[in-house]
Structures are given as C-alpha cells and as structure tokens.
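Student: I'd like to ask some things about the structure below.
What follows is calculated from the coordinates using simple rules that are stated; it is not laboratory data. In this text the structure is predicted, and so the values were computed from the model without any measurement. A quick note on method: Cβ atoms are made from the backbone with ideal geometry, for glycine too, and the neighbour counts reach across all protein chains shown.
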Amino acid sequence: AKDPVRVLVTGAAGQIGYALVPMIARGIMLGADQPVILHMLDIPPAAESLNGVKMELIDAAFPLLKGVVATTDVAEACKDVNIAVMVGGFPRKEGMERKDVMSKNVSIYKAQASALEQHAAKDVKVLVVANPANTNALILKEFAPSIPEKNITCLTRLDHNRALGQIAERLSVPVSTVKNVIIWGNHSSSQYPDVNHAVVGGKPVREAVQDDAWLDGEFIKVVQQRGAAIIKARKLSSALSAASSACDHIRDWVLGTAEGSYVSMGVYSDGSYNTPSGIIYSFPVTCANGEWTIVQGLPIDDNSRAKMDATADELVEEKALAYACISE
Ligand code: NDP
C-alpha cells in the first residue's frame, strides 16, 4: 500500500473547505488508491466550527483517510505537508478599498509562506485559491524562496471548467467531449477565456458552434462573470465547483494530463507568449511526472493579444499594489 500523502487545506472551516475536504478524503484529488492525512487550518474564531468539520470527517469513515489534524497553529498545520491548498484569505467586504483587501492578504500570505518554508515537505506543491489568487501566490513565492517556484500555482481551473461547461451546454454535448479551452491571465473579470484552440469531439469549437459573435462576446462575458452570477443565485459564492476544480488542478498536476489535452493553471511566468515575467499568469499547460509545462507555439491573433495584454497589465498593477503594502 502507498504511504499517506499529507494535504493541507487552509480556511478549512469555510464553505469551499467544507466541500473540498470530503473530496480529498474520498480520493478525488489524488486517486482512489492514495491514502491521505488531512491538515486543516483556520483562524481562532473558526476553531469550534473547524472541530465540527473534523468530527464529520471521522463520522464519514472514509477508508483512505489515515488522520486528521485540525488546528489554528500555522506551524503545526504546515508540518511535513506534501500538498497545500490555500483557501483561507481575507474576503472583500462592502465598502473596503482594494488596497485594504490587498494589505490584509499580503500579511496573511507572507506569514503562511514562512510557515510552509520552515515546516512543509521540501517538494510541497502549493495551490492558492483565495483571492486575489494570482497575487497571493506571488507573495507566497516571494516569501518562501526555498520552495521551487514551479511548485507555487494558483487556481484558474474553475474558469477553465466553466468555459468547457458553457460550450457543452450551447452544443448540448457531454462536457467530456470538449477540451483545450484556455484561460489566460488573472483569476478576475479581466481573464481571457480563449476558444481558438479548443475542440469538441475532435472538431474546432468555432466550426462546431458556428457563431463567432457569441464566442467573442456573450460567452466570454458569461465565463468572466460566472462567479457573480452564482452569488446572485445562491446568495453565497461558488463552493462545490471551486472545490471540484481545485481537485482537478492537483490531480492533473500530480498524475498528469491526458495525451493531447491541456488545462489552465496560474503559474510563475517565464515570459512565454510575450507575457511579463515575474507575475503569476494563467497559461495552457500539460503535466507529466509531477511537473507542468506551458504549451508553446499556439498562434495568437490580434484580438487575443489585446485581451492577454490587458489581463497582464492588471496583474502588473496588482503586483505593484502588493509590493506597496509590503514596504509599508
Ligand atoms: P470561501 O470558502 O467561500 O472562499 C475562500 C476564498 O476562496 C475566498 O478568498 C474566495 O474569494 C476565494 N475564491 C477563489 N475563487 C473562488 C471561486 N471561484 N468561488 C468562490 N470563492 C473563490 O470563504 P469562507 O469565508 O466561507 O471561508 C474562508 C475561511 O478562511 C474561513 O473559515 C475563515 O475563517 C478563513 N480565513 C482564514 C484566514 C487566514 O488564514 N489567516 C484569514 C481570513 C479568513 P472571494 O472572497 O473573492 O470570493
């Protein structure tokens, strides 16, 4: 039998955490043959609720779950973890300035970077979910210099899956037949969902849909604004889809993407596709042997170029804002 993998979930008493931990314990993230030990972190006001989640995990008697650590101590939470899913963050509240939200998250991610640096497994793989996800991941990278930069990523897989879902709904086909959409850039409404290389049942999506106006207009808007639409409908932000896509992100990263398929991940930019280096930007990637590689050589038209640059500009601006918060 395999040795258990230690998986940290921060903000584990929150709503994404509540959807995510049972998925991990059921083997949806790392496979049906991979035992796991769950490390759940939250802040002291959520400690009691966190303990309730631990009780439910015990009650669910998951065969793969070999242990649960539920704590408000960051060092204890990070001890020897192999995978870290960072869901905890300071939410933007009514009337708060962007700078105030950034400042709160910069201090959270700075502290958690140091804890991971000191206590996690040397080859820990990190996925940041909490917003602003790309910039939180960048701060984490800056303050955890001994963690390889390749190991620090942010979630844009939910946006990717939303794009697949919209195309499948439009064509009334199973979502599993659609692949190779791309989310470029920031996990924000400036993201660019690109269908120019996407296929459905082997056919280019543009040929199958036969409605470029929809693909270049409404489709993009729906994907960009989907989070807000869920909040409007549910009066709560998306949780099960966020949790599920976090599992997809880690599973593909660890176990590999299928031949001929790529997925979107926020990764440290090396300047591919003339994006600025030094930011965490979402690219199309393939994964093998536990490593992601940016898909190279896709032709980019002028329309795409402008959208890829606009979302990059936003990330450069967020980075400057984050750095201003650090030096304060
Ligand atoms: P959720 O579990 O709903 O969301 C957690 C984070 O994920 C938020 O930052 C949210 O951003 C982000 N997120 C990113 N992508 C998505 C998406 N597509 N859909 C929804 N959310 C997304 O929040 P809760 O408030 O229920 O739980 C947060 C937990 O974190 C709480 O238990 C709290 O105690 C803890 N926390 C931890 C802190 C720390 O570690 N120091 C600090 C503050 C809170 P957005 O807000 O933009 O929706």
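Student: Given labels modelled 7 Å from the Cα in the Cβ direction, how far is it in nm from ALA75 to ALA47?
Tutor: 1.6
Student: Nearest 10 degrees is fine. How inclined is helix 98-119 to the longest principal axis of the chain, computing both from alpha carbons?
Tutor: Between helix and principal axis, roughly 60 degrees.
Student: Additional query: Using the Kirkwood radius built from alpha carbon pairs, what does the Stokes-Einstein equation give as D for the chain at 4 °C and 1.567 mPa s, in µm² per second?
Tutor: Estimated via Stokes-Einstein, D reaches 65 µm²/s.
Student: Let me check I've understood the local charge: for ALA121, count other residues with C-beta under 10 angstrom from its C-beta, Lys and Arg +1, Asp and Glu -1. What total comes out?
Tutor: +2
Student: Here is a further query. I'd like the orientation of helix 218-234 relative to the chain: the angle between its Cα long axis and the longest Cα principal axis, in ° from 0 to 90, rounded to 10.
Tutor: The two axes meet at around 40 degrees.
Student: Something else about it: Give LYS93/LYS232; LYS99/LYS221; LYS93/LYS221; LYS179/LYS203 a once-over and call out the pairs whose C-alpha atoms are over 19 Å from each other.
Tutor: The answer is LYS99/LYS221; LYS93/LYS221.
Student: Please order ILE300, ILE24, ILE37 by the number of other Cβ within 10 Å, starting at the fewest.
Tutor: Starting with the residue having the fewest Cβ neighbours, the order is ILE300, ILE37, ILE24.
Student: State the extension gain, in nm to one decimal, for the chain segment bounded by SER189 and LEU236, taking 0.36 nm per residue of separation less the distance between their alpha-carbons.
Tutor: Roughly 15.1 nm would be gained on extension.
Student: Next question. From the square roots a ≥ b ≥ c of the eigenvalues of the alpha-carbon gyration tensor of the stretch 186-296, which class results: rounded (a/c under 1.5), prolate (a/b over b/c), or oblate?
Tutor: Rounded shape, in that the Cα axes give a/c under 1.5.
Student: Moving on. Ranked highest first by average number of other Cβ atoms within 10 Å, how do 40-47, 8-15 line up?
Tutor: Per-residue Cβ counts within 10 Å, averaged per peptide and sorted highest first, yield 8-15, 40-47.
Student: Apply the a/c threshold of 1.5 to the C-alpha gyration tensor of the stretch 68-129 and tell me whether it is rounded, prolate or oblate.
Tutor: Judged from the Cα gyration tensor, the stretch 68-129 comes out prolate (a/c at least 1.5, a/b above b/c).
Student: Report the residues of the stretch 65-93 in range of a label on LYS104: point 7 Å along Cα→C-beta, backbone N strictly under 16 Å from it.
Tutor: The answer is 87-93, whose backbone nitrogens lie closer than 16 Å to the label point.
Student: Tell me which of ALA208, GLY17, ILE280 sits at the most positive position along the dipole axis of the chain, charges placed on C-beta atoms (Lys, Arg +1; Asp, Glu -1).
Tutor: Projecting each Cα onto the dipole axis, the largest value belongs to GLY17.
Student: Going by C-beta contacts inside 10 Å, put ILE279, ILE183 in order with the fewest on the left.
Tutor: Starting with the residue having the fewest Cβ neighbours, the order is ILE279, ILE183.
Student: Continuing with this model, one more query. Between the stretch 300-322 and the stretch 236-282, how far is it from one alpha carbon centroid to the other, in angstrom?
Tutor: The stretch 300-322 and the stretch 236-282 have Cα centres spaced 17 Å from each other.
Student: Kindly identify the stretch 37-86 as rounded, prolate or oblate by the Cα gyration tensor criterion: order the square roots of the eigenvalues as a ≥ b ≥ c, call it rounded if a/c is under 1.5, otherwise compare a/b with b/c, prolate if a/b is larger, else oblate.
Tutor: It is oblate, given that a/c is not under 1.5 and a/b is not larger than b/c.
Student: Treat each spin label as a single point 7 Å out from the Cα along the C-beta direction, and report the LYS2 to ASP33 distance in nm.
Tutor: That separation, rounded to one decimal, is 0.8 nm.
Student: Cα atoms only: what Rg and Dmax, in Å, come out for the stretch 1-141?
Tutor: Taking only Cα atoms of the stretch 1-141, I get Rg and Dmax of 14.8, 52 Å.
Student: Still on this structure: Please give the helix 15-25 orientation as an angle from the longest Cα principal axis of the chain, in degrees from 0 to 90, rounded to the nearest 10.
Tutor: Here the helix axis deviates by roughly 80 degrees.
Student: What is the fewest-to-most order of ILE280, ILE230 by other Cβ atoms lying within 10 Å of their Cβ?
Tutor: By the 10 Å Cβ count, ascending, the order reads ILE230, ILE280.
Student: At 7 Å along Cα-to-Cβ for each site, give me the label-to-label distance between ALA168 and GLU317 in nm.
Tutor: The two pseudo-label positions are separated by 3.4 nm.
Student: Say we join alpha carbon atoms closer than 10 Å with springs in a Gaussian network model of the chain; which of LEU240, LEU298, LEU50 then has the biggest fluctuation?
Tutor: Looking only at LEU240, LEU298, LEU50, the largest GNM fluctuation is found for LEU298.
Student: Stretch LYS122-MET55 to full length: gain in nm at 0.36 nm per residue minus the Cα-Cα span?
Tutor: Stretched fully, the LYS122-MET55 segment lengthens by 21.1 nm.
Student: Let me ask something else. Summing -39500 (n - 2.57) over the DSSP H runs of n ≥ 4 in the chain and dividing by its residue number, what mean residue ellipticity at 222 nm do you reach, to the nearest 500 deg cm²/dmol?
Tutor: Value at 222 nm, helices only, nearest 500: -14000 deg cm²/dmol.
Student: Something else now. How big is the dipole moment of the chain about its Cα centre under a simple scheme where the beta carbon of each Lys and Arg is +1, that of each Asp and Glu is -1, and everything else is neutral? Debye, nearest 20, please.
Tutor: 580
Student: Something else: Return the FRET efficiency for the residue pair SER176, GLU328: r is the Cβ-Cβ distance, R0 is 56 Å, and the value is rounded to the nearest 0.05.
Tutor: For SER176 and GLU328, the calculated efficiency is 0.70.
Student: Expected output is a single nm value to one decimal: the length gained when fully extending between ALA310 and GLU149, i.e. 0.36 nm times separation in residues minus the C-alpha distance. What is it?
Tutor: 55.5 nm
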